[in-house]
1. Rounded to two decimals, what ratio of Rg to Rh does segment 30-150 give with C-alpha atoms and a Kirkwood Rh?
2. Could you list Ile182, Ile43 in order of exposure, starting from the residue whose Cβ has the fewest other Cβ atoms within 10 Å?
3. What percentages make up the Cα-Cα pair-distance distribution of segment 145-195 when the bins are 10 Å wide from 0?
4. Separation between the Glu119 and Leu73 pseudo-spin-labels, each 7 Å from Cα along Cα→Cβ, expressed in nm?
5. Distance cut-off 22 Å, Cα to Cα: go down the list Lys116/Lys147; Lys70/Lys91; Lys91/Lys159; Lys54/Lys191 and report the pairs above it.
6. Which of Leu158, His100, Tyr130 sits closest to the plus end of the dipole of segment 59-178, meaning its Cα is farthest towards the positive end, when Lys and Arg get +1 and Asp and Glu get -1 on the C-beta?
7. Around Asn50, which amide H atoms from residues at least 5 apart in sequence, or from another chain, sit under 5 Å from its own amide H, with H modelled in the peptide plane?
8. If you place +1 on the Cβ of every Lys and Arg and -1 on the Cβ of every Asp and Glu, how big does the dipole about the Cα centre of segment 30-150 come out, in debye to the nearest 20?
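Bear in mind these aren't lab numbers, they're just calculated from the coordinates by the rules spelled out. Note that the coordinates shown come from a computational prediction; the quantities given were computed from them, not determined experimentally. All Cβ positions, glycine included, derive from the backbone under ideal geometry; neighbour counts span all protein chains shown.
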Amino acid sequence: MKIIVYLLLISFPFLIKAQTGKIATMAPILNSGYYVNFRGDTIYGEIQINPSDKFDIYKQFSFKTKRSKKMKLLNPQKALAYGFDNRHFVKVGVNSYDLHYIERLVTGRINFYELKVNEITNSFSSGVSYYYINDNGASDPALRDPKKISKKFYKKNLKSYMIDKPTIWSSLDKYNFNKRIIIAAMIEFNKSYNQY
């Protein structure tokens, strides 16, 4: 009996050491989705919705067609857009984030986008959201390209996009940036423009 206890005491540190070398990873969770290639074809299959880094969905995604057994990693250099669970991500060149996807929160004459990135400030890593807007029906070409909206002066930034509907724009609070209220206002604005 003493020999068994002695062997267990000797082997215990080795067993613990063997376990620390393993990195725990979560099994991929797949959901129905699609992506659009550079020819404009929409390919349907399954997308992994739980990447190891939550900000990876803005840089790349793992996709599996129904005929394939392997996941393939796609990024903005290989796909124009993708989506799952009523979330849509598009490749749009915005400032230094050309190699990122941005999530389209509102679709219509006015499109509203969100880009989340991991930034390090004062030795702390945190997620930061940037918001962009463009107007598909604008006569001014500068309004057709996605422009960044400042959270501080967002209402002033939105004025040139929502000038056609001043009542919707004026109802927004100029001091508090609230993503849900802005989305609701843009959806209301887009209702008048069904062709987009």
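1. Result for segment 30-150 is an Rg/Rh of 1.00.
2. Ile43, Ile182
3. 25, 59, 15, 0
4. Placing both labels 7 Å along Cα→Cβ, they lie 2.6 nm apart.
5. Pairs exceeding 22 Å: Lys70/Lys91; Lys91/Lys159; Lys54/Lys191.
6. Going by the Cα projections, it comes out as His100.
7. Ile29
8. Taking the Cα centre of segment 30-150 as origin, the dipole is about 580 debye.
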